1. Enter the accessible area of Ile152 (Å², nearest 10), with the probe set to 1.4 Å and all protein chains included.
2. Ordering His228, His180 from largest to smallest accessible area (1.4 angstrom probe), what's the sequence?
3. Would you please give the FRET efficiency between Phe72 and Phe227, computed as 1/(1 + (r/R0)^6) with r the Cβ-Cβ distance and R0 = 45 Å, to the nearest 0.05?
4. Please give the solvent-accessible surface of Lys65 in Å², to the nearest 10, using a probe radius of 1.4 Å with every protein chain present.
5. In whole Hz, with x marking every Gly and Pro, tabulate ³J(HN,Hα) for the stretch 159-165 from phi via Karplus 6.51 cos²θ - 1.76 cosθ + 1.60, θ = phi - 60°.
Amino acid sequence: MAMVTGLIPILRTALEATTDYTGRTMWFGFAVVRLLALYVSELPWSKLDLDFVCRGNESSEFCRKACFSQHFNVPVVSMWNSAYIFFVASLLLMELFTSQLRHNLIKDTVRKKMTQCDGALLGAWSSELAHKDLVLDFHQQRALLLLYLLCILLRLLGELSFLYMLFWWHLPLVSSDPIHCSTPLCPGPFMCLLRFPAEKLMSLYLLGSLSAILALVCILFGLYSFFHYLANCRTRQEQCV
């Protein structure tokens, strides 16, 4: 239910917006797919504490929890959610600036019509214009293109950081081999095991594969946007506003 609630505003933003630009639908599509992958990947980790079992001399629940805290010394699911929030924030940043640009364009158009329309008709013209779809051309909007490339760069950095966390921090925590534990409060030694490691590994591989695809798309789409819009604009010596 919570996942469906999270999908609704994303889909509504993607479908009902009156301002469109290159790749907008694709990025929001990735946001939906990633939210679904995040929901599926979190299922094997929902009972992580119960899946961690220990045995040894004078083993107790207190010592098991001490070993659990020592082994899982980095956050897992919370980092996944933080990475998703960072990805959505980069989308909303672009939406914020395109919305502001649309507002400025509407104001400029209305000002040009002020000499042709009286005060009564001005409000009707403004309302009608505000509901028209606006497709942004990066050939003409150079400042917006630079912001767009910045958002793609932020997503790329976010995905590379997420891949680093997955495979250098989280992957070593999941293993079918015994975990030898000894803490200051529980000298042990204790031998611990993590149940269902295959399912947890599959979650990491699923998120890692999707993140790698996103990183690759960021690189390819960033290069395409740079050479197709920015480089062509300089070659043609056009004035990009």
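The values are calculated or read from the model by the stated rules, or taken from the named source; none is laboratory data. No experiment lies behind these values; they were computed from the predicted model shown. In this analysis, Cβ positions are derived from the backbone assuming ideal geometry, glycine residues included, and neighbour counts consider all displayed protein chains. Note: accessible area is taken over every heavy atom of the protein model, side chains too, but ligands, DNA and RNA are not part of it. Shrake-Rupley method; radii C 1.70, N 1.55, O 1.52, S 1.80 Å.
1. Ignoring ligands and nucleic acids, Ile152 comes out at about 10 Å².
2. Greatest to least solvent exposure: His180, His228.
3. Numbers: r = 45 Å, r/R0 = 1.00.
Working from the Cβ atoms, E equals 0.50.
4. 90 Å²
5. Once θ is set to phi - 60°, the couplings for the stretch 159-165 become 5, 5, 5, 5, 4, 4, 5 Hz.
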